[in-house]
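Enquirer: Provided herewith is a single structure, encoded as structure tokens, for subsequent inquiry.
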Amino acid sequence: MSKRFYITTAIDYLNGEPHLGHAYEKIVADVIARFRRSSGVETFFLTGLDEHGQKVQQAAAAKGQETQTYCDELAVLWQSLTVKLELSNDDFIRTTQDRHKRFVQAVLSKLHAEGQIYKKLYEGFYSTKEETFLTEKDRLPDGSFPAMYGEVTKLQEENYYFRLNVHQQWLVEYIEKTPGFVEPDYRRNEVLGFLKNNELEDLCISRPVSRLNWGIPLPFDTGFVTYVWFDALSNYTSVPASAGDPVLQTFSNATNSNPLSLWPADIHVIGKDILKFHAVYWPIMLRAAGLPLPGKVLVHGWWQKDGEKMSKSTGNVVDPIKVIEEWGVDAFRFYVVRELDIGPDGNWTDAGFKSRYSAELANGLGNLVNRSLSMLKRYRNGVVPPRSDELSAEAEKVIADTRSLLEANRLQAALQSIWSLITRANQYVDQTAPFKLAKDPGKAARLDEVLYNLAEICRILGVLLWPFLPKTACNIYSQLALTDSPDQNKTATWGGLSAGHMIGNPAPLFPRKDT
Ligand code: MSP
């Protein structure tokens, strides 16, 4: 059993409906997973839902539903989104599943038995509205607490704490000597800055049942449930453990006739707001449990809509399902990855979306494939002419560049590289003017060359585009009447189309829309 390439996304809170931000992250992870698989690497892609904690309990209460029923109903919508987005995830974790709860309790028991979790009395200020502890630092200059916290009361509460502090120096050294652990670099610097300028406090990992009962009971004290982040982060290991991963055997008695070797994860894809949880708490939790650390935390930025934070209350939320219904899943996948590099924040505008659809998909890729195949059909009855290598060197360069960009998780740049080939091939049509060549019988050999080069570029584009636009890639392959799938990156090499092969019927990939 060899270890698979293991990639995860954040698991979304089940306290509302999915929006652009959630969908973007999953697509980023999916493109990476598909690329790895197409390169022959056995891959496992995990996504799912974070179902415990105050937010979810309150959302259920607001609907007057029993919490588990609320979760079960809403989870159906979220799981259906993975299908609509064409995600190739291998599993879908819900933190209310038994396999997950068992694992979290096993980890807690071990840490508690080893003295890495201890009980302490907390005395201080507490905001019931925000369900959070406050300190003197939270006071305004006039001594009061900000209005967002509502009524702030003095509280005495016993809770369980996880020893974070003792690992602080180790973590600084680990991040310093492991440059790729957090990417992009500026996020890594942010973590290092935080760790060097603040002393870590031990992490409160429990909530008394009297205050919150929607969580995993502490195995050593049923008066408490587990803090939602301790619970949620463990999903990355609970799934491999339940699949019989040998690295996680200490925490699992799962028997699997076909065990998977997944841990450590290769990439955790997350948004910038949850960096501290993934680059500080999570590595320390793993170290405390005696487990190896993941390879990389890949941090993306946040989407806004029309320059403003997306918010249900103002109604400016991009609903991925609506966009997909109107424009198709590949248009959505293309726009989000092409528009926003992994790292900075992005801004969705409907005008920007339509403009990329029309320029890059309909007029760029769609037009190239449609006219290339239509001309082959018209001038050669759809029969591929003898091989010609006129564009071979240029194509091979794009293939190599795209591969190395994808290996470095530079998805936006990889799309730009692919589009350079599309632009080149569209120019080639204009320069060689096959419609003129077709009128002159003396130029038949030249027309053969041009038609071969165009058809072969279309085939290669199918392979290169597959991780990004799987439907479109398959569509190109079926218009070429190729029976294999474009999902093998090694087939992106010049000369795959054989002379004499008969293509199928061309049809527009991205219908033009009059908007
Ligand atoms: N449940 C936690 C994550 C636990 S992971 C062990 C959580 N959930 S969330 O639903 O609030 O966010 C899930 C992911 O979506 C996060 O990575 C977050 O950054 C991302 N996004 C939420 N809104 C976003 C945007 N507007 N734009 C881009 N990504 C955003 O945090």
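The values are calculated or read from the model by the stated rules, or taken from the named source; none is laboratory data. Only a predicted model underlies this, so the values are computations on that prediction, with no experimental measurement involved. Methodologically, a virtual Cβ is constructed for each residue, glycine included, from the backbone with ideal geometry; neighbour enumeration extends over all protein chains shown. With ligands, DNA and RNA removed, areas are computed over all heavy atoms of the protein, side chains included. Shrake-Rupley method; radii C 1.70, N 1.55, O 1.52, S 1.80 Å.
Enquirer: Which FRET efficiency, nearest 0.05, do Thr423 and Thr153 yield, Cβ-Cβ r, R0 60 Å?
Expert: So the FRET efficiency works out to roughly 0.40.
Enquirer: Starting from the amide H of Leu134, placed 1.01 Å from N in the peptide plane, find each other amide H under 5 Å away whose residue is 5 or more places distant or on another chain.
Expert: The answer is Phe125, Tyr126, Ser127.
Enquirer: Tell me the carbon and sulfur percent of the accessible area for the chain, rounded to whole percent, probe radius 1.4 Å.
Expert: 49
Enquirer: Over the heavy atoms of Trp302, what accessible area does a 1.4 Å probe trace out, to the nearest 10 Å²?
Expert: 100
Enquirer: Helix 329-339 versus the longest principal axis of the chain: what angle, 0 to 90°, nearest 10, using Cα atoms?
Expert: Orientation of helix 329-339: about 80 degrees from the principal axis.
Enquirer: Quick query: amide H of Asp91 versus all other amide H atoms, modeled in the peptide plane; which residues come in under 5 Å with a sequence gap of 5 or more or a different chain?
Expert: Phe45, Thr47
Enquirer: How about region 42-87: which GluC sites (Glu not before Pro) there are in a DSSP loop, with at most 12 other Cβ atoms within 10 Å of their Cβ?
Expert: Glu66
Enquirer: Can you tell me the accessible area per residue over region 418-485, all protein chains present, probe 1.4 angstrom, in square angstrom?
Expert: Ligands and nucleic acids excluded, the figure is 36 Å² per residue.
Enquirer: Measure out, as a whole number of angstrom, how far apart the alpha-carbon centroids of region 416-445 and region 235-262 sit.
Expert: Centre-to-centre distance over Cα atoms comes out at 54 Å.
Enquirer: I need to check one value: relative contact order of the chain, counting alpha carbon pairs closer than 8 Å and at least 6 residues apart, in percent.
Expert: About 16 percent, as a whole number.
Enquirer: Then there is this: Might you work out the accessible area of Tyr186 for me, using a 1.4 Å probe with all protein chains in place, and round it to the nearest 10 Å²?
Expert: 110
Enquirer: Once both labels are modelled 7 Å past Cα along the beta-carbon direction, what's the Gln68-Lys276 spacing in nm?
Expert: Spacing of the two 7 Å Cα→Cβ label points: 3.4 nm.
Enquirer: Using only the alpha carbons of the chain, determine the length spanned along each of the three principal axes and report them from longest to shortest in whole angstroms.
Expert: Ordered largest first, the chain gives principal extents of 94, 51, 44 Å.
Enquirer: Amide H neighbours of Ala265 under 5 Å, at least 5 residues apart or on other chains, H built in the peptide plane: list them.
Expert: Under 5 Å from the amide H of Ala265 lie the amide H atoms of Gly295, each far enough along the sequence or on another chain.
Enquirer: Next question. If one computes the Cα centroid of region 32-47 and of region 120-172, what distance in Å separates the two points?
Expert: Here the answer is 42 Å between Cα centres.
Enquirer: Same structure, new question: Provide the per-residue ³J(HN,Hα) series for region 468-480, in order, calculated from phi with Karplus coefficients 6.51, -1.76, 1.60 and θ = phi - 60°, each as a whole number of Hz, with x at glycine and proline positions.
Expert: Working through the residues one at a time gives 8, 10, x, 5, 4, 4, 5, 4, 4, 4, 6, 5, 7 Hz.
Enquirer: Once phi is turned into ³J(HN,Hα) by the Karplus curve 6.51 cos²θ - 1.76 cosθ + 1.60 with θ = phi - 60°, what whole-Hz value does each residue of region 74-89 show in order, with x for glycine and proline?
Expert: Ordered by residue, 3J(HN,Hα) equals 6, 4, 4, 5, 5, 5, 5, 5, 4, 6, 4, 7, 6, 6, 9, 5 Hz.
Enquirer: Per residue, how large is the accessible surface of region 285-356? Use a 1.4 angstrom probe and give square angstrom.
Expert: 41
Enquirer: How high is the relative contact order of region 43-186? Use alpha-carbon pairs under 8 Å, at least six apart in sequence, and give a whole percent.
Expert: 20
Enquirer: Relative to the longest principal axis of the C-alpha atoms of the chain, give the angle of the C-alpha long axis of helix 98-113, reported between 0 and 90° and rounded to the nearest 10°.
Expert: Roughly 50 degrees, rounded to the nearest 10.
Enquirer: Next question, about the same structure. Using only helices, what value at 222 nm comes out for the chain when you add -39,500 (n - 2.57) per DSSP H run of length 4 or more and divide by the total residues, to the nearest 500 deg cm²/dmol?
Expert: One gets -13500 deg cm²/dmol as the mean residue ellipticity at 222 nm.
Enquirer: If you don't mind, another one. Hand me the trypsin sites (Lys or Arg not before Pro) from region 409-501 located in a DSSP loop with no more than 13 other Cβ atoms within 10 Å, in residue order please.
Expert: Lys439
Enquirer: Related question: What's the center-to-center distance, using Cα atoms, between region 482-505 and region 49-71 in Å?
Expert: 50
Enquirer: Need one number: convex hull volume per residue for region 430-514, Cα atoms only, in Å³.
Expert: Dividing the Cα hull volume of region 430-514 by its residue count gives 130 Å³.
Enquirer: If you don't mind, there's one more thing I want to ask. Checking the cross-link filter: which lysines have an alpha carbon closer than 19 Å to that of Lys110, excluding same-chain neighbours under 8 positions apart?
Expert: Correct list for Lys110: Lys101, Lys119, Lys120.
Enquirer: Still on this structure: Keeping all protein chains in place and using 1.4 angstrom, which order do Thr423, Thr8 fall into by accessible surface area, from largest down?
Expert: Thr423, Thr8
Enquirer: Going by a ≥ b ≥ c, the root eigenvalues of the Cα gyration tensor, does region 65-221 fall in the rounded group (a/c under 1.5), the prolate group (a/b larger than b/c) or the oblate group?
Expert: It is rounded, given that a/c, with a ≥ b ≥ c, falls under 1.5.
Enquirer: If the reach is capped at under 18 angstrom between alpha carbons, list the lysines near Lys55, excluding any in the same chain fewer than eight residues apart.
Expert: Lys63, Lys129, Lys312
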